[in-house]
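Asks: Provided herewith is a single structure, encoded as structure tokens, for subsequent inquiry.
All of the numbers you see were taken from the coordinates with simple rules; none came from a lab. The structure displayed is predicted, hence computed values, not measured ones. Here the Cβ is made from the backbone with ideal geometry for all residues, glycine too, and neighbour counts use every protein chain on show.
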Amino acid sequence: MRSIFARFLYLTAVTLFLASCATTSLVDSWHSPSQHELRLHKILVVGIFKTANERRIYEDILVSELSQRGVEALPGHTFIPADVKVDRQALENAEKEAHAEAVLTMQTVRIEHQQVLQPGYTTTYPDYWYPPAFPSWNLNGYYGSMTYYEPPYIATYTVANIQTSLFDTRNGKLLWAATIQTSEPGNVISVSKDMAGIVVQSLIKEGMI
């Protein structure tokens with residue numbers, strides 16, 4: 001029983017640590033100083049990811065976020081079929097068909113595994129303890145105690161960098177770019193929601209939408 005409880009404490013500590021690392025944040029951003037007066041009204045959103053499902057989720061969520069800000073946003077999957085590779089030619093064809101002012105692309109550019117050493121800890125808890133919810137047992141309090149020591153351990157988690165870029169469809173020039181980092185790349189819906197909020201807020205700050 002004691003070993004089970006000790007194991008529970010260890011797993012809880014690991015879970016809490018990994019949860020504390022699970023964030024999506026803006027690493028850096030850039031915008032073209034020559035385009036400070038450009039305000040966009042129609043944007044084509046294209047995700048470049050491994051699977052069509054992942055691409056569709058990222059596109060749809062960002063399109064929804066942009067639409068709430070009054071931008072006519074179009075998901076790339078309505079112009080580029082799932083079985084077509086998203087390359088330069090596919091983007092150019094989609095741009096022409098969508099008649100968009102700009103195209104916003106999203107792509108995972110780096111995935112790495114990071115390790116963090118967590119220090120050990122000592123926990124003391126009652127031995128032969130009975131909960132007061134059962135007073136009929138007439139065994140209130142506890143008798144003695146037990147000390148559990150968890151040695152240091154190495155926690156490993158995955159970090160992914162997603163590059164987002166905004167291009168002017170008239171001349172192909174880069175208008176804005178940002179790097180977004182997440183420690184939970186497998187949670188596509190959660191990450192895409194966080195990323196959409198970050199992207200839109202950055203574009204608003206730069207006066208582009």
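Asks: Cut-off is 10 Å between beta-carbons; in what order do 27, 188 appear when sorted fewest neighbours first?
Replies: Details: 27 11, 188 18.
Ordered from fewest to most neighbouring Cβ atoms within 10 Å, 27, 188 come out as 27, 188.
Asks: Among 164, 179, rank each residue by its count of other Cβ atoms within 10 Å, from fewest to most, as a rough exposure measure. Intermediate values should be presented prior to the final figure.
Replies: Values: 164 25, 179 16.
Least crowded to most crowded, the residues run 179, 164.
Asks: Among 113, 77, rank each residue by its count of other Cβ atoms within 10 Å, from fewest to most, as a rough exposure measure. Walk me through the numbers on the way to the answer.
Replies: Details: 113 8, 77 21.
Least to most surrounded, the residues fall as 113, 77.
Asks: Another question, then. I need the fraction of alpha carbon pairs in segment 41-115 separated by more than 17 Å, rounded to a whole percent. Write down the numbers at each step before the final one.
Replies: Working: 1166 of 2775 pairs.
The proportion of pairs with Cα distances above 17 Å equals 42 percent.
Asks: Now for a different question. Students often get this wrong, so check it: of 42/96; 50/205; 42/205, which have C-alpha atoms separated by over 23 Å? Provide the component values of the computation, followed by the final result.
Replies: Details: 42/96 13 Å; 50/205 31 Å; 42/205 18 Å.
50/205, as the Cα separations exceed 23 Å there.
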